[in-house]
Amino acid sequence: MHAPYEAPPGIDNLPFAAILRLDAALRRARQRVLGASQLTDALWALLAELGASQDGMAFEALDAGPAKAMGRPMLLAALTELQDQGLVAGLKDESGPLLSHLRVTPQGFGKIDEVLGAALVIARRR
């Protein structure tokens, strides 16, 4: 006889409660690692979006796409903070003061790993 079919592990097979626990753990981990401020969610959103992109993103694409809802002032404040912390770097646009293409630095990827590691510890405690 064959063994019963078991769905492969993955996000599609997580119970709803587990997804909510993971989301809560990520929120707490972001605040612990990035600090609790008005920019924490924006910092994480940008860091995660840039980290998931193949080779960074153009500022215009980020502004018009994933960061559109946060608005340009919040986007600029969050990018400045990430750049000041050395987590994001970019190419300077010769025609203006903004960075034209942004990508996560090795320190930024380290910070992403730190947040995710902290979130897993928090999620496992519950």
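I'd like the residue in segment 73-99 that is charged (D, E, K, R) and at pLDDT 90 or above and, out of all such residues, is surrounded by the most Cβ atoms within 10 Å (Cβ to Cβ). Show your work before the answer.
Let us first name the residues in segment 73-99 that are charged (D, E, K, R), namely 81, 84, 92-94.
From what is left, the residues that are at pLDDT 90 or above are 81, 84.
Values: GLU81: 19, ASP84: 9.
That would be GLU81.
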Could you tell me which numbered condition LEU102 fails, if it satisfies all but one of (1) among the aliphatic types (A, V, I, L, M); (2) touching a Gly at 6+ places or on another chain (Cβ under 6 Å); (3) open to solvent by 60 Å² or more (accessible area, probe 1.4 Å)? (3)
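Looking at this structure, is ALA48 at pLDDT 90 or above, in a helix (DSSP H, G or I) and under 21 Å from ILE122 (Cβ atoms)? Outline the logic, then answer.
Details: at pLDDT 90 or above: yes; in a helix (DSSP H, G or I): yes; under 21 Å from ILE122 (Cβ atoms): yes.
For ALA48, the condition - at pLDDT 90 or above, in a helix (DSSP H, G or I) and under 21 Å from ILE122 (Cβ atoms) - is met.
Could you check segment 33-59 and list, in sequence order, the residues that are charged (D, E, K, R) and surrounded by fewer than 12 Cβ atoms within 10 Å (Cβ to Cβ)? Break it down stepwise before answering.
To start, the set of residues in segment 33-59 that are charged (D, E, K, R) comprises 41, 49, 55.
Within segment 33-59, just ASP55 meets the criteria.
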Within segment 25-45, residues being without any contact (Cβ under 8 Å) to a residue 24 or more places away in the chain and part of a helix (DSSP H, G or I) number 4
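The values are calculated or read from the model by the stated rules, or taken from the named source; none is laboratory data. Every value quoted in this text rests on a predicted model; they were computed, and no experiment measured them. Please note: Cβ atoms are built from the backbone with ideal geometry, for glycine as well, and neighbour counts cover all protein chains shown. These area figures cover heavy atoms from the full protein model, side chains too; ligands, DNA and RNA do not enter into them. Shrake-Rupley method; radii C 1.70, N 1.55, O 1.52, S 1.80 Å.
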